[in-house]
Amino acid sequence: MSTSVATTRRPVTDQLGPRHRTGHGPQCAPYLNAVADDVHDVYDELCATLFSGFPRRDQRMKAAQYLQGLLNAQGRKSIRNIAAHVGGAAAEQSLHHFISSSTWDWRPMRSALAGFMEQVSCPQAWVVRSMPIPKAGQHSVGVDRRFDPERGQVFRGQQAFGVWFAAEELSVPVNWRLFLPDPWVKDRTRRDRAEVPEEAHEETQEECAVAAALDTARWQGVTRKPVVLDIRGGAGRAALGRLAAAELPVVARIGPGCRLTIADRALPGFGAGPLPAQHILESLKGLRRPVSWVDAAAGTRTSRTSLATAVRVVLPTPAGERMRPMTLLGEWDDPQQPPARLWISDVPGATVGSLLRLTKLTRRVARDFTEVGEGAGLRDFVGRSFRGWHRHITLASAAHAATVLATDWDSVYGSRTAG
């Protein structure tokens, strides 16, 4: 195979090395059922796991070709470039039909990928991350002008939300939801042209993010984990309510002005009613203590320490509704400044340290997206079809999984066996 998924990486099949079978305890099954040192193991195992649901051999073959192209084609992972790597002009027409016009359902493949990753990495949380996809044209499904908070600028493009199974050692996206702005929901001509399904409806970006997590929770055989997400930009109460109704614990980043009520009678501010979260934490900063965590986002596992504190609070609700007990977490970069990051959580029995370490998984996801996901083609689909976008990004997620497993196997597998 000719080139790498990311510019700093060798071809995925050159990265794989020998592994040894061993158990991981009751929470994690062994990765393989047999000793194997074939350099194609990860690719072969993914193909066998993800594509077994196809009823026809030619579909399994095209899916394997597409995955191979995502892993090794040079440049942008368009269907044309993928086809050039695996078979030329004839393959381009065949793969274009397979991705954009075929009838296969991508959801069972995503569920299979989630099960595969759960066996391999034992994810600690589901991190829901926004992914802006700049587009020059206006015909790709979901394209609109929007603001990207990470870049601080308006751009034309698509917006998607990925659910990443995240652990300290690696993270992999297993599910996606494409945000459809009003013109794409309400305009029948646009919907028909992009083959937007009838069940797609109007929703806010926050609702889209929560729906992605709820969809994942419906899969059979997937162990529910805390959902880590950012609700600074919308109606946080509604998002938290939907996740609580689905019995999904949450760790949600909030803005400093989010109003909460102190629930601990022993603390100053009890009985004062709803207060801004930043005000609560600033008034209790004497309770801060050092909390250690492992920073894996810099390329090496580095031990770091943050000042943090957690306070029992309740989320104000409309009259007549029961108030929800929560934990407010604050983290300081500079002890002389206000808290740099504020989070609210309902994870049962969580400590300050365990909550803080869950929030740091967002750094792992950000690193893996930049160093692996971009090169695996997560933002590279060229086409107008809603279904085509979903099929491409599902296979690109598999390419991402193959790459991080091949690259980081020693750290993942070694840490599991050591435990």
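For an R0 of 41 angstrom, estimate the FRET efficiency from the Cβ-Cβ distance between Ala244 and Thr302 and round to the nearest 0.05.
Efficiency at R0 = 41 Å is approximately 0.70.
Ala272: net charge of surrounding residues, Cβ under 13 Å, Lys/Arg +1, Asp/Glu -1, itself excluded?
Net of charged neighbours comes to +1.
Rounded to the nearest 0.05, what FRET efficiency is calculated for Arg324 and Arg107 with R0 set to 25 Å and r the Cβ-Cβ distance?
Between Arg324 and Arg107 the formula returns 0.20.
If the cut-off is 19 Å between C-alpha atoms, which aspartates and glutamates fall inside it for Lys77, apart from same-chain ones fewer than 8 positions away?
Glu92, Asp368, Glu371, Glu374, Asp380
Compute the label zone of Asp182 within the range 188-205: residues whose backbone N is under 18 Å from the point 7 Å along Cα-to-Cβ.
It comes to 188-191, 201-205, nothing else.
Which distance in nm do the two modelled labels at Val294 and Leu275 give, with both placed 7 Å along the Cα-to-Cβ direction?
In this crude spin-label approximation the distance works out to 3.7 nm.
Around Ala48, with a cut-off of 12 angstrom between Cβ atoms, what is the net charge of the other residues, counting Lys and Arg +1 and Asp and Glu -1?
So the surrounding residues net to -2.
Past 32 Å, Cα to Cα: identify those pairs from Lys186/Lys225; Lys62/Lys135; Lys62/Lys186; Lys135/Lys360, in the order given.
Lys186/Lys225; Lys62/Lys186
Which of the three applies to the range 327-400, rounded, prolate or oblate, going by the alpha-carbon gyration tensor with a ≥ b ≥ c and a/c under 1.5 meaning rounded?
Taking the square roots of the gyration eigenvalues as a ≥ b ≥ c, the range 327-400 is prolate.
For the range 52-170, what does the alpha-carbon gyration tensor say about shape, rounded, prolate or oblate, given a ≥ b ≥ c as the root eigenvalues, a/c under 1.5 as rounded, and a/b over b/c as prolate?
oblate
Sort 140-146, 63-69 by packing, meaning the average of other beta carbons within 10 Å per residue, with the highest value first.
Highest to lowest by the protection proxy: 63-69, 140-146.
Say each of His97 and Gln119 gets a label point 7 Å from the Cα, pointing the same way as Cα to Cβ; how far apart are those two points in nm?
Once both label points are built, they end up 3.3 nm from each other.
Rounded, prolate or oblate: which fits the range 46-101 when a ≥ b ≥ c are the square roots of the eigenvalues of the alpha-carbon gyration tensor, with rounded for a/c under 1.5 and prolate only if a/b beats b/c?
oblate
Once R0 is set to 35 Å, what does the formula 1/(1 + (r/R0)^6) return for the Cβ-Cβ distance between Gln336 and Arg237, expressed as a FRET efficiency to the nearest 0.05?
0.60
Say each of Arg76 and Arg218 gets a label point 7 Å from the Cα, pointing the same way as Cα to Cβ; how far apart are those two points in nm?
Here the answer is 3.3 nm between the modelled labels.
Values quoted throughout were computed directly from the atomic coordinates according to the rules given, and no laboratory measurement underlies them. For clarity, every value in this text was computed on a predicted model and none was experimentally measured. Counting neighbours? That spans all protein chains shown, and the Cβs are built from the backbone with ideal geometry, glycine included.
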